[in-house]
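Below: one structure, written as C-alpha cells.
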Amino acid sequence: MTTLFISHSSKDRTRADWLRTALKERGFKSLFLDSHPDDGIPAGSQWEHELWQALRRSRALVVLCTANWLRSPWCVAEAMMARERGKPVFLLADAEIVDDRIVKDEAGGASRPRLPDFLKDTQFISVAGVHLDNGFRHRRRTVYTRR
C-alpha cells in the first residue's frame, strides 16, 4: 500500500522530486509521485486510471500547494477525492499562497493565489524557510498511526 500520494502540478516537477527525496530520506518508504521512474506511473500505462488507483490505495495526500497546483483541475480533484475518502491531507503551501484566515486585505494580496475554501479547515505548513525535519516528524507519526 502506498503511504503517501504526492499531489503536485507537472509544472512543479522539480520541486516534487525534491519533496519525494526529502520524504524518502526521512523514512517514508512507500510514496507515489506520478512521474518518478521507481514508484510512479509506468510508461505505456493508462495514466488517468493509474493515478486514481494510486490515490485510492494511499493512506494520505501531501499537497505541494503552489499557484500551478491551484490552477490544475486534476490537482484540486485529487485533494477533493482524498478528503471525501477521509484521508489526511497535508498541505505544503508555497510562500505565494495566501490564507484568508490569517492575511486580511494585504497590499497586493488580491493578485496572489488563495488557499481554496474546501481546504481552509486544514492546517498547512509554509515551505518558505521551513526545515523539513520539523514539518515531517509529526506527520510521519500521524500517517502511520491513522487507519
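Some observations on this one:
- Taking the listed residues Asp12, Asp17, the one that is within 15 Å of Cys75 (Cβ to Cβ) and modelled with pLDDT of 90 or more is Asp12, with no other qualifying.
- Considering (1) in contact with a helix residue (DSSP H, G or I) (Cβ under 7 Å, 6 or more places away or on another chain); (2) modelled with pLDDT of 85 or more; (3) closer than 20 Å to Leu119 by Cβ, the lone condition that Val98 does not fulfil carries the number (2).
- When region 73-95 is limited to residues that are acidic (Asp, Glu) and either in a loop (DSSP other than H, G, I, E, B) or loosely packed, with under 15 Cβ neighbours inside 10 Å (or both), the one that is modelled with the highest pLDDT turns out to be Glu84.
- Evaluation of Ser30 against (1) within 14 Å of the chain's Cα centre (by Cα); (2) surrounded by fewer than 18 Cβ atoms within 10 Å (Cβ to Cβ) (one fails), failing number: (1)
- Residues that are touching a residue at least 12 places away in the same chain (Cβ under 8 Å) and loosely packed, with under 15 Cβ neighbours inside 10 Å, drawn from region 36-56: Trp47, Trp52, Arg56
- Checked against (1) free of Cβ contacts under 8 Å to residues at least 12 places away in the same chain; (2) among the small types (Gly, Ala, Ser); (3) closer than 16 Å to Phe90 by Cα, Ala60 passes all but condition (1).
- Matching residues, region 26-68, being in a helix (DSSP H, G or I) and either in contact with a strand residue (DSSP E or B) (Cβ under 7 Å, 6 or more places away or on another chain) or more than 21 Å from Glu96 (Cα to Cα) (or both): Trp47, Glu48, His49, Glu50, Leu51, Trp52, Gln53, Ala54, Leu55, Arg56, Arg57
The values are calculated or read from the model by the stated rules, or taken from the named source; none is laboratory data. Bear in mind the structure is a predicted one, so any value in this text is a computation, not a measurement. Quick reminder, even Gly has a Cβ in these numbers, built from the backbone with ideal geometry, and neighbours come from all protein chains shown.
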